[in-house]
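The values are calculated or read from the model by the stated rules, or taken from the named source; none is laboratory data. Keep in mind it's a predicted model, so treat the numbers as computed, not measured. With ideal geometry, Cβ positions are generated from the backbone for all residues, glycine too; neighbour counts draw on all protein chains shown. With ligands, DNA and RNA removed, areas are computed over all heavy atoms of the protein, side chains included. Shrake-Rupley method; radii C 1.70, N 1.55, O 1.52, S 1.80 Å.
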Amino acid sequence: MSLVMRGPFGVRMLATQSRTFYGRKRFGPKERTQIDNITYPIVVEMPRVEESDLRWYLDRRAEYPSVTSILRLTMPSAGSFLLSRWRRKKESELGAEEALKLRRDIRQRGTAVHQLITDYILGELREEKIPENLLGYWHSFRHVLNDLSEPMGVETTVVHQKLHYAGTCDCIAKYRGKLCVIDWKTSDKPRPTLDHCHDFPLQAVAYAGAVNVDKSYPFKVRDDASLGIDDVYGS
């Protein structure tokens, strides 16, 4: 049954299905496990819609703005200025049409890198099939993947019902023995400190907070666990 709902910002949405939980049959490149009848890594899916450049996650009780949408709408003026300046610069250098194509290519590249990492974690990656334009990214984050173990969630939706937000968490896994929420970011240059990461830490913290209250996840990211924001970049 379809449901029409009105969200906190007055945007009407249409939901066609409820939240779905399932587990992957393949645990990872070297192992698989099942605990209490749950196969890891966990994947939770929710229907999503986008309207006016905002993303919403829907279930039969409510609709939740995405973490990235919230961060974009609440971006500090300095960050908004830098982003606008970069767009104006590219439009001046390339023209409006080519600048739009560049932004689209950047988004598609990020999606491709995320899929590359997901395929590796699920044991479905064949390194000889990695496209040449992604090899720089692969070499950038390959050493990080060597320190990952026990993936508990991959590309999975997390919801904080009390604070009313949702998002798709790239990875929940142990990094050097500590359970972490991991968010992958692509860049054309290294970001050596948190000061270079803009609002990325806020995004990871929001996901960790949702994991800790979301009943779909029978575990918690502890206060003393680190949050991973691995910034992968290519040549």
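Quick notes
- Restricting segment 160-181 to residues that are over 16 Å from residue 144 (Cβ atoms) and under 18 Å from the mean Cα position of the chain (by Cα), the residue that is surrounded by the most Cβ atoms within 10 Å (Cβ to Cβ): 166
- For residue 126: the one exception among (1) closer than 28 Å to residue 66 by Cα; (2) open to solvent by 40 Å² or more (accessible area, probe 1.4 Å): (1)
- Residues satisfying the stated conditions in segment 39-55, i.e. at pLDDT 85 or above, part of a strand (DSSP E or B) and closer than 27 Å to residue 121 by Cβ: 42, 43, 44, 45, 48, 50, 55
- Among the residues of segment 198-235, those that are open to solvent by less than 50 Å² (accessible area, probe 1.4 Å) and modelled with pLDDT under 75 comprise 199, 225, 228, 229, 230, 231, 232, 234.
- First in segment 132-158 and over 14 Å from residue 172 (Cα atoms) and touching a residue at least 12 places away in the same chain (Cβ under 8 Å), second anywhere and of a type in the set (A, V, I, L, M) and open to solvent by 10 Å² or more (accessible area, probe 1.4 Å), Cβ under 8 Å, 6 or more apart: 134/112; 134/116; 137/116; 138/116; 138/130
- From 186, 156, residue being crowded, with 19+ Cβ neighbours inside 10 Å, at pLDDT below 90, β-branched (Val, Ile, Thr) and not in a helix (DSSP H, G or I): 186
- Top-ranked residue in segment 139-182 [being among the charged types (D, E, K, R) and in contact with a Ser or Thr (Cβ under 7 Å, 6 or more places away or on another chain); ranked as nearest to residue 111 (Cα to Cα)]: 155
- Conditions (1) assigned to a helix (DSSP H, G or I); (2) closer than 23 Å to residue 54 by Cα: number failed by residue 141: (2)
- Members of segment 159-171 found to be assigned to a strand (DSSP E or B) and charged (D, E, K, R), listed by number: 170
Yes or no, residue by residue, for (1) farther than 30 Å from residue 176 by Cα; (2) open to solvent by 70 Å² or more (accessible area, probe 1.4 Å); (3) not acidic (Asp, Glu):
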| position | (1), (2), (3) |
| --- | --- |
| 62 | yes, no, yes |
| 100 | yes, yes, yes |
| 122 | no, no, yes |
| 141 | no, no, yes |
